[in-house]
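See below for the structure under consideration.
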Amino acid sequence: MSEPPLLAVRHLDAFYGDFQALFDLSVDVQAGEAVAVVGANGAGKSTLLSSIAGLIRTRRDAVTFDGAAIGGTPAHTIAARGIALVPEGRALFPSLTVEENLLIGGQLKRPGYWNLRRVYELFPMLAERAHVPSTALSGGQQQMAAIGRGLMSNPKLLLCDEISLGLAPIVVRDIYVRLPMILAQGTSLMLVEQDVVQALKATQRVYCLQEGRVALAGAAKDLTREAIAAAYFGV
Amino acid sequence: MIDWINVILQGVLVGGLYAMFAAGLSLIFGVMRLVNIAHGDLIVLAAYVALVTTETLGVGPLTSLAFVVPLMAVIGYALQRLVLNRTLGEDLLPPLLVTFGLSVIIQNGLLAVFTADSRKLQAGDIEVATIRVFEGVYVGLLPLLQFAVAVAVIAALQFVFYRTALGRAFRATADSQSVAQLMGLDNRHVFALAMALSLAVVAIAGVFLAVRANFDPAIGPARLIFGFEAVIIGGLGSLWGTLAGGLVLGVAQAIGAHINPGWQLLAGHMAFLVILAVRPEGLFPKVRL
């Protein structure tokens, strides 16, 4: 591809205090693409997303987005640039209702396709529960609300951290079936997942992380289950 | 009997003032878990700012609000942004220590500039005007006005918190600072706005205090105690609860004073201790601690 990627992570090292979680990591997301990042617990997937979103400090040139180096920029500034993170475990605001969670997602008022009405069209079950405290939703509904909240800022890149976590397979399918609609409106996706099967079906390219490094990278259709299993478990 | 009605009524009206002392405190604790030890002294500071405003501009106390409220709000924003934001973190102790130091600085600063002389703002005829409710029961116009303003302030804060984007930002940031940042909210700015709002309420409370009673640089800590008790009695996290807490405190003090003038403060503290023993979460708690 001759076009520069929308997101370019290059030689990223990430630390929690003295503990190094990511080593010399490089990944790409092209505009309009859905990319999966898979790996076992502790492989560094969430750390990668937190580093991109600005919750973990990085070197300035470690993360480039839309042509600009954003490493080390505060998280609220990165959100304004068009990266939205759907955090692990949903992380809805307990003091806010479902609708208030969505509205605060739109706090930045970035222009684009997504607004409250269209998020409700995508997730009709949220419209039915608009004024309910967000804590009263089921896990699947909370995940949809968290994704909707991310969409409300009309991001160019949506980072999803383990959206299948703790959900029944039928619920996970219900969520994944909507991802193409999100892509169609121009938001690129980076999906961190432990559910490899679902991730492979939903994305064009896959990175497999193992102990903070990229163990395998390639087109989703080209990678065999054996190759992924080997990279996933470090066999 | 009529006697007791008057007593309760006086207690209710003073309770409104206590609720205003408490509202700013409650707001700050709710948004950023910060206990502002200097809160009472900031009320007294506002009273002195009102004093200077009325003397230099030649306006009445109520008009001085137009100047004192914005000034205190700006002071609040700067205080939070420049000093208190640095103290916020996992530990509850640094904000307590810094605001304690601030309390000492404010008291001594006011003492140096204004001396220990007792001062009072004159509001004119309204101070002695009374309304006859019915035979034998009279209500002062000024206390009634202050009570009405206290209720209006609490209603306005409630509106801000639950019906505006700013209020959503306050509640979200209080829930989770990191996720709030993902929404594009700058925590430093949100906290500073909360402190500005708190000190705007403090400004109103300060002007009312200045008109109602004598004040001097040392009376801040006692106002903090009343505000604190009103918040705890009412329940953390509930603004209407803070109003209820103020009323309970005011009525308790009035009843105590009626039995024996020396028992006024004690009665208030006793009521506080009883609530703490019987229902420690307060009358209308809302906050998950």
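Any read-out appearing in this document is the output of simple, stated calculations on the displayed coordinates, not a laboratory observation. Only a predicted model underlies this, so the values are computations on that prediction, with no experimental measurement involved. With ideal geometry, Cβ positions are generated from the backbone for all residues, glycine too; neighbour counts draw on all protein chains shown.
If region B:2-278 were replaced by its equivalent ellipsoid, with semi-axes equal to the square roots of 5 times the Cα gyration tensor eigenvalues, what would those be, largest first, whole Å?
Values: eigenvalues 185, 98, 66 Å².
Here the semi-axes work out to 30, 22, 18 Å.
What do you get for the angle between helix B:2-32 and the principal long axis of chain B? Use alpha-carbon atoms, 0 to 90 degrees, nearest ten.
It works out to around 10 degrees.
Which of the trypsin sites (Lys or Arg not before Pro) found in region A:114-200 are in a DSSP loop and have at most 15 neighbouring Cβ atoms, other than their own, within 10 Å?
Sites meeting the loop and neighbour criteria: A:178.
Is it possible to state the helix-based mean residue ellipticity at 222 nm for chain B, with each DSSP H run of 4+ residues giving -39500 (n - 2.57), the sum divided by total residues, to the nearest 500 deg cm²/dmol? What is it?
Here the helix-only value at 222 nm equals -25000 deg cm²/dmol.
Using DSSP to call loops (not H, G, I, E or B), can you name the trypsin sites (Lys or Arg not before Pro) in region B:23-89 whose Cβ has at most 15 other Cβ atoms within 10 angstrom?
Details: sites: B:33, B:81, B:86; in loops: B:33.
In loop regions of region B:23-89 (DSSP not H, G, I, E or B), the sparsely surrounded trypsin sites (Lys or Arg not before Pro) are B:33.
Lysines near residue A:156 by alpha-carbon distance under 24 Å, same-chain residues fewer than 8 away left out - which ones?
Reachable lysines: A:45, A:109, A:201.
How do B:4, A:114, B:263 line up, fewest other C-beta atoms within 10 Å first?
Fewest to most other Cβ atoms nearby, the residues stand as B:4, B:263, A:114.
Whole-Hz Karplus ³J(HN,Hα) for region B:48-54, in order, using 6.51 cos²θ - 1.76 cosθ + 1.60 and θ = phi - 60°, x for Gly and Pro?
With coefficients 6.51, -1.76 and 1.60, one gets 5, 4, 5, 4, 5, 4, 5 Hz.
I want to verify the translational diffusion coefficient of the protein assembly as shown in µm²/s; compute it with Stokes-Einstein, Rh as the Kirkwood radius over Cα pairs, at 25 °C and 0.890 mPa s.
Result for D is 95 µm²/s.
Once you place label points 7 Å from the Cα toward the Cβ at residue A:26 and residue B:165, how far apart are they in nm?
Output for this residue pair reads 4.1 nm.
Efficiency by 1/(1 + (r/R0)^6): what FRET value for residue A:168 and residue B:178, r their Cβ-Cβ distance, R0 = 30 Å, to the nearest 0.05?
Taking R0 as 30 Å, the efficiency between residue A:168 and residue B:178 is 0.60.
Could you give each residue of region B:188-203 its phi-based ³J(HN,Hα) in whole Hz, using Karplus coefficients 6.51, -1.76, 1.60 with θ = phi - 60°, and x for Gly or Pro?
Going residue by residue, I get 4, 6, 4, 5, 5, 5, 4, 5, 4, 4, 4, 6, 5, 5, 4, 4 Hz, with x marking Gly and Pro.
Which residue, chosen from B:169, B:193, B:209, occupies the Cα position most advanced towards the positive end of the dipole of region B:144-289, where the dipole is computed from +1 (Lys, Arg) and -1 (Asp, Glu) charges on Cβ about the Cα centre?
B:169
Could you tell me the convex hull volume per residue, in Å³, taken over the Cα atoms of region A:47-176?
Cα convex hull per residue, to the nearest whole number: 104 Å³.
For an R0 of 56 angstrom, estimate the FRET efficiency from the Cβ-Cβ distance between residue A:68 and residue B:151 and round to the nearest 0.05.
For residue A:68 and residue B:151, the calculated efficiency is 0.65.
Report D for chain A in µm² per second (integer): Stokes-Einstein, Kirkwood Rh on Cα pairs, 20 °C, 1.002 mPa s.
Estimated via Stokes-Einstein, D reaches 120 µm²/s.
Going by how many other Cβ atoms sit within 10 Å of their own, how do A:104, B:106 line up, fewest first? Show your work: numbers first, answer last.
Working: A:104 25, B:106 19.
Ascending Cβ contact count within 10 Å gives the list B:106, A:104.
Need one number: nm distance between label points at residue B:126 and residue B:222, each 7 Å from Cα along Cα→Cβ, rounded to one decimal.
It works out to 2.5 nm between the two label points.
Give me a comma-separated list of calculated 3J(HN,Hα) values for region A:189-205, in order, Karplus coefficients 6.51, -1.76, 1.60 applied at θ = phi - 60°, integers in Hz, x for any Gly or Pro.
10, 10, 9, 8, 8, 8, 7, 5, 4, 4, 5, 5, 5, 8, 10, 8, 10
Nearest 0.05, what FRET efficiency do residue B:119 and residue B:78 give at R0 = 22 Å with Cβ-Cβ as r?
Between residue B:119 and residue B:78 the formula returns 0.30.
Go through B:139, B:218, B:103 and say which Cα lies farthest out towards the positive end of the charge dipole of region B:2-278; charges sit on Cβ, +1 for Lys and Arg, -1 for Asp and Glu.
Going by the charge dipole, the pick is B:103.
Can you tell me the orientation of helix B:141-163 relative to chain B, as the angle in degrees between its alpha-carbon axis and the longest Cα principal axis, to the nearest 10?
20
Excluding same-chain residues fewer than 8 positions from residue B:286, which lysines have a Cα within less than 21 Å of its Cα?
Correct list for residue B:286: empty, as no lysines qualify.
Pull up all non-local amide H partners of residue A:21: gap of 5 or more, or a different chain, and H-to-H distance under 5 Å with H placed in the peptide plane.
Under 5 Å from the amide H of residue A:21: A:14, A:15, A:16.
Using modelled backbone amide H atoms (1.01 Å from N, in-plane), which distant-in-sequence or interchain residues come within less than 5 Å of residue A:86's amide H?
A:159, A:160, A:161
Which residue, A:103, A:4, A:29, has the largest displacement toward the positive end of the dipole of chain A when charges sit on each Cβ (Lys, Arg +1; Asp, Glu -1)?
Farthest along the dipole direction, towards plus: A:103.
If you average the alpha carbon positions of region B:130-180 and of region A:26-95, how far apart do those two centres end up, in angstrom?
41
Grab the Cα-Cα distance for residue B:52 and residue B:286, subtract it from 0.36 nm times how many residues apart they are, and report the gain in nm with one decimal.
This chain segment gains 80.3 nm when fully extended.
Could you give the nm distance between label points at residue B:91 and residue A:115, where each point is 7 Å from its Cα heading toward the beta carbon?
In this crude spin-label approximation the distance works out to 4.9 nm.
In debye, nearest 20, what is the charge dipole magnitude of the protein assembly as shown about its Cα centre with +1 on Lys and Arg Cβ and -1 on Asp and Glu Cβ, if you could check?
Roughly 620 debye for the protein assembly as shown.
Quick one: angle between helix B:220-234 and the longest Cα principal axis of chain B, in degrees between 0 and 90, rounded to 10, please.
The helix B:220-234 is inclined about 80 degrees to chain B.
For residue A:214, what residues show an amide H to amide H distance below 5 Å, using hydrogens built from the backbone and excluding near sequence neighbours?
A:26
Among DSSP beta bridges lying fully in the protein assembly as shown, give the percent that are antiparallel, nearest 5.
Of the beta bridges lying entirely in the protein assembly as shown, close to 55 percent run antiparallel.
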